[in-house]
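Peer 1: Have a look at the structure that comes next, please.
The values are calculated or read from the model by the stated rules, or taken from the named source; none is laboratory data. All values derive from a computational prediction rather than experimental measurement. Positions of Cβ are backbone-derived with ideal geometry, glycine not excepted, and every protein chain shown enters the neighbour counts. Just so you know, the surface numbers come from the protein's heavy atoms only, side chains and all, with ligands and any DNA or RNA stripped out. Shrake-Rupley method; radii C 1.70, N 1.55, O 1.52, S 1.80 Å.
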Amino acid sequence: SDHMENICGYLMKYTNLVTGWQYRFFVLNNDAGLLEYFVNEQSRHLKPRGTLQLAGAVISPSDEDSHTFTVNAASGEQYKLRATDAKERQHWVSRLQICTQHHTEAIGKNNPPLKSRSFSLASQGSASSPGLQRRPSQNAVSFFNVGHHRLSTGKRVPVMQPDHLVDVREMMSQAEGQQRDLIRSIECLPVSGHLTSLDQDLLMLKATSMATMNCLNDCFHILQLQHASQQKGSLPAGTTISWLEPKISLANHFKNGAAQNFPAEINKPASVREEQSVAEPCQLTREPEEINPDEELEDICDDKEDDLGAVEEQRSVILHLLSQLKLGMDLTRVVLPTFILEKRSLLEMYADFMSHPDLFIAITNGTTPEERMIRFVEYYLTSFHEGRKGAIAKKPYNPIIGETFHCSWRMPKSDVATDAGSNSSAHSASEQVTLPKDLEGQKEPDYYTVKFVAEQVSHHPPVSGFYAECVERKMCVNAHVWTKSKFLGMSIGVTMVGEGLLSLLEHGEEYTFSLPCAYARSILTVPWVELGGKVNINCVKTGYSASINFHTKPFYGGKLHRVTGEVKQNMTNTVVCRVQGEWNSVLEFTYSNGETKYVDLTKLSVTRKRVRPLEKQGPFESRRLWQHVTESLRDGDIDKATEHKRALEEQQRNEERLRAETETPWCTKYFLKEGDGWVYHKPLWKTVSAVQTQQTDTN
């Protein structure tokens, strides 16, 4: 490739807290797939001070600033580097990523297939061999005895055959069973005494055994890719290789002392499982579906999130999870225990941010640009309380790719705040902006309708798109959010990367906004949620902007959930409104004329959303997709909820693997990629613009 160039130059490298940042001379060796560094350019002919293998590495631009980035090697070693400016960082990051991708793909595709190692263990794995049969009483010692069998030195086969891969899969299934027995043995130990289930060495043993099995599964998948790559030319189009799918998922978390129950799917023949997992998506259409709000009914589901209870009961699960994590580690691919889940999808959580549609619709009723910006800030700050459903640190379901959520709200017109003169303003604007023909001639209802749609448009990275509109008031909001989770020690941080755009078509105004970070604190005691970070709201046309700070609680003293902000006119640098208070309690707005307004969020009326009944929802709509997990959580059956959740995640992985092997791109349903963002396929601003153009042509 033209981009596979060897580059070199000085970068700053972070060593430790004492030494700090130091200039070092770095060399990218594309041929060898290495990143090397020296004390300076003059010592380049000497042995490198450090070397990283780039195959399997992750190159990540830092959120700290525009100059820093990290190189995380597959070995676990990490370089934290800093360029002189953003342009130089981008140059290094792009070249490193290209080199990393090239050498990572070479492992599975370009290298010659690995030789068979003549599996003596496979010959012992028959049904008549008691040595490898699973026994309920099997202990940790027997698990590690597997590694002491000597491999025979028989005849080597030039190319690994499918039946050998089947033997490997069977051996790994045996090892997985023994590893589960090991975990059960540890978790069945008492919580107090000489040897307990919370013993640090045993927790490390659990984490190490899990990591080992995950590593073996990754290696096995590489073998599958190698064989599939070689056989690709000889297989007819559309052929599915049945042995490519693993039988058991490793990403399971067990309730302390409880046996793991596997769904009946595992006991079905492989051909049946494969047919079900592959055939179902083929029956789905990716064409956008027009949802009729009249089919939606007021939501009667009231899933109050219970307390997590005695965290002591789940402490071994939490400690087992923590033992696998490192500070700053990305949690995107980490499967969290089921007992901490909310009974809703992340897509539905975004919809719950719209639970005050009266405040949303009232934005466009503001008579001046200043008033509309202040109203938007008021709506923005009141949305988080209901969206979070309290302060308990529970996590919504991770949406699977292609998952959607639809709902709407009906708001009586009499309940929406207006101002003197706003009616004439709205009338004047409505003469300039005409509704589509399919809405003309209809009897005007006495309520406004706000429609909402969300879709999971990407799995890695996890990106959600959501869109809401009120056609009668000619306003809509479009947003895309990439959730990045990081382990921070005794807390978990979630960064909401993305941007939203509110369009007020009556006024020709667009407001861009971002979202704060969220933190789950005290994850070993009673977890709680707080928001943190600075967000900005800006309207280029009017020159008004808002700066809002969500303050995290300081180590000593200070209040929880504190928020401050101000609205200003950029041209004159005049502050027209200040806000302070708590985002889940009381907010105080102070205006430039000296007036003060208090908003008690706990007393704000919540408008219930309207959702179609489950039987009318599509198979990829959130509530129908997760219904079995939700029902199990309502019944308090964590093990059953885990089974259903694992089945959904395993199906998603299988379909993702199939798309990768067939080089089939994913097609979204409602959102289109534009630049770095995602936009609803039929936003209101396009519909209104098309109607205006058509009327102009007619005239």
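Peer 1: Within the range 30-56, track down each residue that is within 14 Å of TRP92 (Cβ to Cβ) and of a type in the set (S, T, N, Q).
Peer 2: The one that is within 14 Å of TRP92 (Cβ to Cβ) and of a type in the set (S, T, N, Q): ASN30.
Peer 1: Right, next: Just a yes or no: is a residue in the range 488-500 at pLDDT 90 or above, closer than 25 Å to VAL611 by Cα and buried (at least 18 other Cβ atoms within 10 Å of the Cβ)?
Peer 2: Within the range 488-500, one or more residues are at pLDDT 90 or above, closer than 25 Å to VAL611 by Cα and buried (at least 18 other Cβ atoms within 10 Å of the Cβ).
Peer 1: Just wondering, is there one or more residues in the range 448-468 that are in contact with a Lys or Arg (Cβ under 7 Å, 6 or more places away or on another chain), touching a residue at least 40 places away in the same chain (Cβ under 8 Å) and open to solvent by 20 Å² or more (accessible area, probe 1.4 Å)?
Peer 2: Scanning the range 448-468 turns up at least one residue that is in contact with a Lys or Arg (Cβ under 7 Å, 6 or more places away or on another chain), touching a residue at least 40 places away in the same chain (Cβ under 8 Å) and open to solvent by 20 Å² or more (accessible area, probe 1.4 Å).
Peer 1: Within the range 582-625, how many residues are under 30 Å from GLU295 (Cβ atoms) and of a type in the set (S, T, N, Q)?
Peer 2: The total comes to 4.
Peer 1: Okay, moving on. Filter the range 284-306 for residues that are open to solvent by 80 Å² or more (accessible area, probe 1.4 Å) and not in a loop (DSSP other than H, G, I, E, B); which is modelled with the lowest pLDDT?
Peer 2: Selected residue: ASP294.
Peer 1: Continuing with this model, one more query. Condition first: out of contact with any Phe, Trp or Tyr (no Cβ under 7 Å at 6 or more places or on another chain) and among the aromatic types (Phe, Trp, Tyr). Now tell me which residues in the range 618-661 satisfy that.
Peer 2: PHE620
Peer 1: Looking at the range 454-470, can you tell me whether even one residue there is modelled with pLDDT under 95, of a type in the set (A, V, I, L, M, F, W, C) and in a loop (DSSP other than H, G, I, E, B)?
Peer 2: No, the range 454-470 contains no residue that is modelled with pLDDT under 95, of a type in the set (A, V, I, L, M, F, W, C) and in a loop (DSSP other than H, G, I, E, B).
Peer 1: Name the single residue, out of those in the range 471-487 being over 17 Å from the mean Cα position of the chain (by Cα) and not basic (Lys, Arg), that is most open to solvent (accessible area, probe 1.4 Å).
Peer 2: It comes out as GLU472.
Peer 1: Is there any pair linking a residue in the range 368-381 that is in the same structural domain as THR542 (by the TED database) and touching a residue at least 12 places away in the same chain (Cβ under 8 Å) to one that is part of a helix (DSSP H, G or I) and open to solvent by 20 Å² or more (accessible area, probe 1.4 Å), with Cβ under 7 Å and at least six apart or on different chains, and which?
Peer 2: GLU378/LEU359; TYR379/LEU359
Peer 1: What is the one condition in (1) acidic (Asp, Glu); (2) more than 19 Å from PRO396 (Cβ to Cβ); (3) without any contact (Cβ under 8 Å) to a residue 12 or more places away in the chain that GLU655 does not satisfy?
Peer 2: (3)
Peer 1: If you don't mind, there's one more thing I want to ask. Given the options MET4, MET12, name the one that is modelled with pLDDT of 90 or more and open to solvent by 40 Å² or more (accessible area, probe 1.4 Å).
Peer 2: MET12
Peer 1: Considering (1) at pLDDT 90 or above; (2) assigned to a strand (DSSP E or B); (3) of a type outside the set (Val, Ile, Thr), say which one ARG473 fails and leave the rest.
Peer 2: (2)
Peer 1: Could you grab me the full set of residues in the range 400-424 that are modelled with pLDDT of 80 or more, open to solvent by 10 Å² or more (accessible area, probe 1.4 Å) and not β-branched (Val, Ile, Thr)?
Peer 2: Hits for the range 400-424 are HIS406, ARG410, MET411, PRO412, LYS413, SER414, ASP415.
Peer 1: Could you check the range 560-585 and list, in sequence order, the residues that are of a type in the set (Gly, Ala, Ser) and either in a loop (DSSP other than H, G, I, E, B) or within 29 Å of the chain's Cα centre (by Cα) (or both)?
Peer 2: Result: GLY565, SER585.
Peer 1: Step by step: first the residues of the range 647-681, then only those that are open to solvent by 70 Å² or more (accessible area, probe 1.4 Å) and of a type in the set (Asp, Glu), then the one that is nearest to the chain's Cα centre (by Cα). Which residue is that?
Peer 2: ASP676
Peer 1: While we're on this one: Out of the range 30-59, which residues are open to solvent by 30 Å² or more (accessible area, probe 1.4 Å) and at positive phi?
Peer 2: Selection gives GLY56 alone.
Peer 1: Here's another thing I want to ask about it. When the residues of the range 512-546 are filtered to those that are of a type in the set (S, T, N, Q) and at pLDDT below 90, which remaining residue is farthest from MET496 (Cα to Cα)?
Peer 2: In this case the residue turns out to be THR525.
Peer 1: A further question follows. Evaluate the range 600-617: report whether one residue or more is open to solvent by 20 Å² or more (accessible area, probe 1.4 Å), over 30 Å from HIS459 (Cα atoms) and in contact with a Phe, Trp or Tyr (Cβ under 7 Å, 6 or more places away or on another chain).
Peer 2: yes
Peer 1: Quick one: which residue in PHE555, PHE550 is in contact with a Cys (Cβ under 9 Å, 6 or more places away or on another chain), assigned by the TED database to the domain that holds MET496, farther than 16 Å from GLY498 by Cβ and modelled with pLDDT under 95?
Peer 2: Answer to the check: PHE550.
Peer 1: Determine, yes or no, whether GLN78 is closer than 25 Å to LYS484 by Cα and without any contact (Cβ under 8 Å) to a residue 12 or more places away in the chain.
Peer 2: When the stated conditions are applied, GLN78 passes them.
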